[in-house]
1. Please return the ranges of helices (runs of 4 or more DSSP H) entirely within segment A:48-150 where 3 or more residues are without any contact (Cβ under 8 Å) to a residue 12 or more places away in the chain.
2. Out of curiosity, is A:Asp30 more than 30 Å from A:Glu147 (Cβ to Cβ) and either more than 14 Å from chain B (Cβ to nearest Cβ) or not hydroxyl-bearing (Ser, Thr, Tyr) (or both)?
3. Just to be sure, is B:Gly148 in contact with a Phe, Trp or Tyr (Cβ under 7 Å, 6 or more places away or on another chain), among the small types (Gly, Ala, Ser) and either part of a loop (DSSP other than H, G, I, E, B) or surrounded by 11 or more Cβ atoms within 10 Å (Cβ to Cβ) (or both)?
4. Condition first: open to solvent by less than 40 Å² (accessible area, probe 1.4 Å), in contact with a Cys (Cβ under 9 Å, 6 or more places away or on another chain) and under 21 Å from A:Ser141 (Cβ atoms). Can you find one or more residues in segment A:42-56 that meet it?
5. Just for segment B:12-45: of the residues that are exposed (fewer than 10 other Cβ atoms within 10 Å of the Cβ) and more than 14 Å from every other protein chain (Cβ to nearest Cβ), which one is farthest from A:Cys124 (Cα to Cα)?
6. Could you list, in sequence order, all residues of segment A:92-120 that are among the aliphatic types (A, V, I, L, M) and either open to solvent by 50 Å² or more (accessible area, probe 1.4 Å) or farther than 20 Å from B:Pro57 by Cα (or both)?
Amino acid sequence: MNILQRIKNKVRSRSIHVAYVDVGSCNGCDIEVLACLAPRYDIEQYGIFVHNNPREADVLLVIGAYTPGWEEKLAMVWEKIPAPKAAITIGNCPISGCLFDRKGSFVDPPVKKHIPIAAEVPGCPPRPTEILQAIMSVRDSVFANWEEEH
Amino acid sequence: MVSSLVWYIREFARAEWIKKFLFAKTAPLVTPSHFRGFPEPTGKTCTHALFCMMACPAPGAIEVVHAGDGWMPKIHKGHCIRCGLCVEACPNGVLKSGRIRETMEREGTSLLFSFRIAIDTELCTGCGNCCTACPVNKQADAQMGAGGHSSNDDVIMRVQEGDIVVIHEDKCTGCKTCEVSCPNGAIRIARILEGYQQPVQEGWQ
């Protein structure tokens, strides 16, 4: 590993920029993501910053059961993120549709079908610590040594 | 003024303070023990009453599957909403989650299932499919024929003179096998989940 890569790893591990997108949830998981920003969990102490702009993001948090309005749009958001990038789904909805995936509903889970997902956080809603752990595990597995591997 | 400056430098130049200033973190992010997480097995034996599956509000969240010799509930993460109803509904205490079981013991609460059998006499043809399909009937009277006739009084229901007669509604386990086997949709099982609380002991509150 050359020195440049080492510096990049070091910097990247302390500077993860996050955008979140709600593709049709009940807002419970949005509140938990919001709790991550609050002083009790304080996501910025780990060097994770929320911008909510896909063009300057590294990690996309996807929340919700994928309603028909998000067809094509979610992939568009995903393509706007510059590489290296990773998407994390928050909550049960993007995995299984949770309580919304019933007969006659129009949701189309899992989100995994539509964009590549690096990590999934189950729970309805998950604890802020679980969200935080998922982001940090992705940080280590996706962003470290990215140039060497691609 | 000089002395206060010296005091300032001495106060803030301590290694401990600098370390704290640079590497300050909020409290370690541990999950408290009372958090109602995904249900976990307590080690008690599952008797396959399936009350956990009946009480579960989330589709596909819990299944009772074969585990070695017996049965064991399996939680599907990504479906489970961690409501804890399966923990409360279980008659044997197979699952635990947070402090649900402790709270139930302390307050003397329980969730009890009961089942009602409703037969629509307009639709029922008296074919006896429900009687022969019922697993409890099979145990009570192994000799029951295709018509659902039985001379045994221990069966849940039997056909008498072309009509279904329910004898022991209390023996119903709520499996709804009869509903599936009925060609007309004439039989319906209602699963009733009721919360009970024992009277509070004297000296409490």
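The values are calculated or read from the model by the stated rules, or taken from the named source; none is laboratory data. As the structure is a prediction and not an experimental result, all values here were calculated from the model. Glycine also receives a Cβ, built like all others from the backbone with ideal geometry; neighbour counts cover every protein chain displayed. Only protein heavy atoms, including side chains, enter the accessible area calculation; ligands, DNA and RNA are left aside. Shrake-Rupley method; radii C 1.70, N 1.55, O 1.52, S 1.80 Å.
1. On the way: elements: A:73-80, A:93-96, A:128-138, A:146-149.
Per the criteria, A:73-80.
2. Yes, satisfied.
3. Numbers: in contact with a Phe, Trp or Tyr (Cβ under 7 Å, 6 or more places away or on another chain): no; among the small types (Gly, Ala, Ser): yes; either part of a loop (DSSP other than H, G, I, E, B) or surrounded by 11 or more Cβ atoms within 10 Å (Cβ to Cβ) (or both): yes.
Against the criterion (in contact with a Phe, Trp or Tyr (Cβ under 7 Å, 6 or more places away or on another chain), among the small types (Gly, Ala, Ser) and either part of a loop (DSSP other than H, G, I, E, B) or surrounded by 11 or more Cβ atoms within 10 Å (Cβ to Cβ) (or both)), B:Gly148 does not qualify.
4. Within segment A:42-56, one or more residues are open to solvent by less than 40 Å² (accessible area, probe 1.4 Å), in contact with a Cys (Cβ under 9 Å, 6 or more places away or on another chain) and under 21 Å from A:Ser141 (Cβ atoms).
5. Our first condition is that a residue be exposed (fewer than 10 other Cβ atoms within 10 Å of the Cβ); within segment B:12-45, this holds for B:13, B:15-16, B:21-24, B:27-28, B:30, B:32-33, B:43.
With more than 14 Å from every other protein chain (Cβ to nearest Cβ) added as a condition, the list becomes B:13, B:15-16, B:43.
On the way: B:Ala13: 47, B:Ala15: 44, B:Glu16: 41, B:Gly43: 26 Å.
The residue in question is B:Ala13.
6. Scanning segment A:92-120 gives A:Leu99, A:Val111, A:Ile115, A:Ile117, A:Ala118, A:Ala119.
Residue by residue, here is whether (1) under 30 Å from B:Phe35 (Cβ atoms); (2) touching a residue at least 40 places away in the same chain (Cβ under 8 Å) holds:
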{"residue": "B:Gly84", "(1), (2)": "yes, yes"}
{"residue": "B:Val87", "(1), (2)": "yes, yes"}
{"residue": "B:Met104", "(1), (2)": "yes, no"}
{"residue": "B:Arg116", "(1), (2)": "no, yes"}
{"residue": "B:Asp120", "(1), (2)": "no, yes"}
{"residue": "B:Cys127", "(1), (2)": "no, yes"}
{"residue": "B:Asn137", "(1), (2)": "no, no"}
{"residue": "B:Gly148", "(1), (2)": "no, no"}
